[in-house]
Amino acid sequence: MRSTPARQGSLREHNLGIVLREVLEAAATGAPPPSRADVASATGLARATVSALVDRLVASGLVAELEPVPTLRAGRPAVPLAAPSGTLAAVGAEVNVDYLGVRIVDLARSVLVERVVHGDHRGSDPATVLAELGALVDDAVGALPGHGADVPDARPVRLAGASLALPGLVDRTAGTLLLAPNLGWREVDVAGLLARSSSVLREHPPLLANEADLAARAEADLRRADGPPSFVYVSGEIGIGGAIVLDGQIFGGRHGWAGELGHTLVADGRTLEQVAGQDAMLRAAGLDRQAGVEPLLRAARAGEPDALAALVAAATALGAALANVVNVVDVGHVVLGGTYARLAEHLRAPVLTALSARVLAAPWVQPTVDVARGGDVAAMTGGALAVLGQVVADPSSWLVEPETVAVR
């Protein structure tokens, strides 16, 4: 739902957010860059008010002005407004079972810096792993202009904050990872450990969230051009994560713990991860789990029976588990992410077959299965977008020039 102009209270702060959101939404959905007049028409704000607000946002690096374009109306050419590149950015970091990563994203959704280090973190020491991640974050931020990188004539990049994606249950308020079964971690003071290992994360304590939720957030952002999306996101890595997106928003449940699809029971007391996780598929195909998913994909493309059978069995179990979710939440579109996206050519059809057979409403509204668009480390992007979303909600905190024009 579009925001409406405030009529009381702090008008400037509220209306700054409306204007900034209007400009950034156009950039995110691929719509033509709006002019000041377009923003005024869309928001209902007076043109003079919009012009003053835009001037403040441009001066603060939150909005960029493009080259003027002629119009059919008399007067000055229209100046299109766009999301700025390289002015304000956020850190999206991730701890996963087989890698650590950092991605820094700006308001234009451009990736400014990325670092990914692969490793096996099963049964690892949290302090050791988080110290490595902290160093990785500091290294990535150090590559930005104004933070250590020597880039002639480059405007310093301001850092809006950081987030951290984790493969388990998190207490977002306390900064604690409650449980990550595939890491073997329980009740870890993530925020405290990172503050000791990273100067960046000491200054910007990260938002903590489940990795599937953040990957789904990035996916929802990519799908906004067609309107607020609704789908069930399932991410297959060493573990299996899930998230429910309703009208573009993550449904996290009361504590933010919804979506733990991998730990649902599917057969003979086994969990979905034990049947359809990456390790389970590799084991069923007779492949080394340390080799990753590429050998499985090559074997399946070569038509090797064990690989094909392993994928069909995993997809059938996955489809059955997803059918339960669809029956409960009434969202019939499924998005395959992570490892499942890479194996989608072999998984998609049997997953859809299982959904069609088990979803009660299938005779009237056929379930659909799609492949994620966010890439392999979408949770990092989702985390950075979560931080930047706070900037859009309160852009007044990021104004850098003294205000010279009263805004009503």
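The values are calculated or read from the model by the stated rules, or taken from the named source; none is laboratory data. It should be emphasised that the depicted structure is a prediction, and the values quoted were computed from it without experimental measurement. Please note: Cβ atoms are built from the backbone with ideal geometry, for glycine as well, and neighbour counts cover all protein chains shown. Calculation scope for accessible area: heavy atoms of the full protein, side chains included, ligands and nucleic acids excluded. Shrake-Rupley method; radii C 1.70, N 1.55, O 1.52, S 1.80 Å.
The rows are residues; the columns are (1) modelled with pLDDT under 95; (2) closer than 28 Å to G236 by Cβ; (3) outside any strand (DSSP E or B); (4) not assigned by TED's automatic domain parsing to the domain that holds R289.
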{"position": "E94", "(1), (2), (3), (4)": "no, yes, no, yes"}
{"position": "L112", "(1), (2), (3), (4)": "no, no, no, yes"}
{"position": "V116", "(1), (2), (3), (4)": "no, yes, no, yes"}
{"position": "L133", "(1), (2), (3), (4)": "no, yes, yes, yes"}
{"position": "V151", "(1), (2), (3), (4)": "yes, no, yes, yes"}
{"position": "L159", "(1), (2), (3), (4)": "no, no, no, yes"}
{"position": "A165", "(1), (2), (3), (4)": "no, yes, no, yes"}
{"position": "A174", "(1), (2), (3), (4)": "yes, no, yes, yes"}
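So, in the range 73-83, of the ones that are of a type in the set (A, V, I, L, M) and assigned to a loop (DSSP other than H, G, I, E, B), which residue ends up least open to solvent (accessible area, probe 1.4 Å)? Across the range 73-83, the extreme among qualifying residues is A83. Of the candidates P126, P145, the single residue that is open to solvent by less than 70 Å² (accessible area, probe 1.4 Å) and at pLDDT below 95 is P145. Checked against the criterion of being farther than 23 Å from A218 by Cβ, among the small types (G, A, S) and surrounded by 14 or more Cβ atoms within 10 Å (Cβ to Cβ), the candidates A140, A154, A131 yield just one match: A131.
Have a look at G269, G248, G286 and point out the one that is of a type outside the set (S, T, Y), assigned by TED's automatic domain parsing to the domain that holds G319, surrounded by fewer than 18 Cβ atoms within 10 Å (Cβ to Cβ) and within 14 Å of the chain's Cα centre (by Cα).
G248
Any residue in the range 209-228 that is outside any helix (DSSP H, G or I), touching a strand residue (DSSP E or B) at 6+ places or on another chain (Cβ under 8 Å) and over 27 Å from N327 (Cα atoms)? No, the range 209-228 contains no residue that is outside any helix (DSSP H, G or I), touching a strand residue (DSSP E or B) at 6+ places or on another chain (Cβ under 8 Å) and over 27 Å from N327 (Cα atoms). Taking the range 225-240 as the range and being of a type in the set (D, E) and either open to solvent by 30 Å² or more (accessible area, probe 1.4 Å) or out of contact with any helix residue (DSSP H, G or I) (no Cβ under 6 Å at 6 or more places or on another chain) (or both) as the test, only D226 passes.
Assess whether G86 counts as being outside any strand (DSSP E or B) and either open to solvent by less than 50 Å² (accessible area, probe 1.4 Å) or free of Cβ contacts under 8 Å to residues at least 40 places away in the same chain (or both). Here the answer is yes, as G86 does meet what is asked. Only one of the listed residues (R348, R358, R408) is at pLDDT 95 or above, touching a helix residue (DSSP H, G or I) at 6+ places or on another chain (Cβ under 9 Å), among the basic types (K, R) and over 26 Å from G253 (Cα atoms). That residue is R348. Filtered by the rule that a residue be open to solvent by less than 60 Å² (accessible area, probe 1.4 Å) and over 19 Å from L133 (Cα atoms), the range 90-122 gives D106, L107, A108, S110.
In this structure, does A140 turn out to be at pLDDT 95 or above, more than 24 Å from the chain's Cα centre (by Cα) and not aromatic (F, W, Y)? Taking the combined requirement at face value, the residue does not satisfy it. Is the range 211-224 home to any residue that is more than 26 Å from V391 (Cα to Cα), open to solvent by 10 Å² or more (accessible area, probe 1.4 Å) and not small (G, A, S)? No - not one qualifying residue is present in the range 211-224.
Using the structure shown, decide if A243 is more than 18 Å from N96 (Cβ to Cβ) and either touching a helix residue (DSSP H, G or I) at 6+ places or on another chain (Cβ under 6 Å) or of a type in the set (V, I, T) (or both). Answer is no for this residue.
Entry remark, the range 246-285: residues being more than 20 Å from P229 (Cα to Cα) and not in a helix (DSSP H, G or I) number 14 in total.
So which helices (runs of 4 or more DSSP H) stay within the range 296-408 end to end and still have 3 or more residues that are more than 21 Å from the chain's Cα centre (by Cα)?
305-329, 344-358
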